[in-house]
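Visitor: First the structure, then my questions, so here it is.
Nothing in this text is a laboratory measurement; each read-out follows from the coordinates by a stated rule. Everything numeric in this text was worked out from a predicted model, so none of it was measured. Because the Cβ atoms are built from the backbone with ideal geometry, glycine has one as well, and the counts that use them run over all protein chains shown.
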Amino acid sequence: MTDTPDDDRLAQARAFVAALPYCAALRIGVDRVGPAEVVLTLPYHRDLIGDPATGVIHGGAVSALMDTCCGAAVMTHPEVAGAAATLDLRIDYMRGAVPGQTVRAHAVCTHVTRSIAFVRATAFDCDGGQPIATAVGAFSVTDAAQVPR
Amino acid sequence: MIRPAPETVQVIKQRRDAALAALVARVPFARTLGIQFDRRGDELTAILPFAPKLIGNPAGPALHGGATAGFLEVVALIELTWAGVWDRIEGGHLLPDDLADPAALRMPKTVDFTVDFLRSGLPRDAYARARVNRSGRRYASVHVEGWQDNRSRLFAQATGHFLMPLADD
């Protein structure tokens with residue numbers, strides 16, 4: 001049985017994320033990969049708690065998931081050949097993630113220019129329905145527009 | 001007339017340091033990142049000691065943007081809480097045990113947080129200081145600056161809005 005291109009892309013993305021020490025430390029996983037969109041997961045862990053009164057994970061942990069997810073969405077965009085570096089990332093927190101649940105973030109790279117990529121992301125816990133957070137980011141791309149347009 | 005003897009400098013410092021330690025210790029994520037705080041009077045400087053697990057791009061190597069963002073958000077929240085309880089700590093109305101008790105002291109919640117990545121984070125210690133630009137009854141706006149080798153060369157800055165806890169929440 002041969003792998004489909006989708007399986008290849010997923011395997012590559014998993015290897016890429018696993019090689020980033022901070023992602024490995026937070027146990028960030030890859031659920032689905034692009035083109036130009038990515039779904040990543042952040043499992044609940046007590047090390048990530050922001051407020052022991054509620055057990056809700058810290059916004060800073062959600063930031064790491066969002067930043068990684070947005071960057072990965074940029075890198076899977078067909079017009080981006082190289083790495084992406086975050087210029088700006090805004091996160092809006094709608095509600096606390098339910099303690100004990102994995103947080104899942106879905107990022108879409110909406111537009112790419114020669115030097116900049118624009119990304120939007122939404123994070124959910126397993127309750128589905130209302131997002132726990134949304135993000136908007138701008139990334140600098142080093143080898144954008146290698147593809148003729 | 002007999003006045004009580006003024007507190008010695010050691011007693012005052014010990015009270016402030018114990019209060020700060022109790023506040024930081026109740027944020028498990030701050031411990032996970034290894035964040036420390038240096039205090040001069042009421043002014044806090046946060047330190048993120050370099051650790052290999054904070055790397056995001058091994059090719060750089062550079063700190064992960066998420067680690068930088070998390071560091072700045074922790075610093076903003078601690079500064080906001082610290083600024084809010086300083087008077088009560090000084091007055092002896094809030095003891096370290098109260099600060100450590102999540103039921104006795106509620107922390108603000110982040111509404112939004114925007115990080116401006118000015119240059120890549122180098123694989124060494126990072127520092128940050130937060131400033132509460134506005135603190136109302138219900139909302140607060142906080143700005144944070146992060147730097148590494150040079151105080152005037154920021155590698156990241158952030159602004160966030162926070163929802164203040166209400167007594168009857």
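Visitor: I'd like the mean, over residues of B:101-113, of how many other protein chain beta carbons sit within 10 Å of each residue's own Cβ.
Guide: 5
Visitor: Oh, and also: What is segment A:54-128's relative contact order, in percent, from Cα pairs under 8 angstrom and six or more apart in sequence?
Guide: 34
Visitor: Do any chymotrypsin sites (Phe, Trp or Tyr not before Pro) in segment B:111-168 lie in a DSSP loop with no more than 16 other beta carbon atoms within 10 Å, and if so, which?
Guide: Nothing satisfies the criteria.
Visitor: Counting other Cβ atoms within 10 Å, which trypsin sites (Lys or Arg not before Pro) in segment B:83-169 have at most 14 and lie in a DSSP loop?
Guide: Sites meeting the loop and neighbour criteria: B:ARG119, B:ARG124, B:ARG137, B:ARG138, B:ARG151, B:ARG153.
Visitor: Please average, across the residues of A:80-88, the number of beta carbons from any other chain that are within 10 Å of each residue's own beta carbon, and give a whole number.
Guide: That average works out to 4.
Visitor: GNM, chain A, Cα, under 10 Å: largest mean-square fluctuation among A:ASP125, A:ASP88, A:ASP31?
Guide: Top of the fluctuation ranking is A:ASP88.
Visitor: I would also like to ask the following. Projecting each Cα onto the charge dipole of the protein assembly as shown (Lys/Arg +1, Asp/Glu -1 at the beta carbon, about the Cα centre), which of B:VAL9, A:THR110, B:THR32 comes out farthest on the positive side?
Guide: Most positive-ward Cα: B:VAL9.
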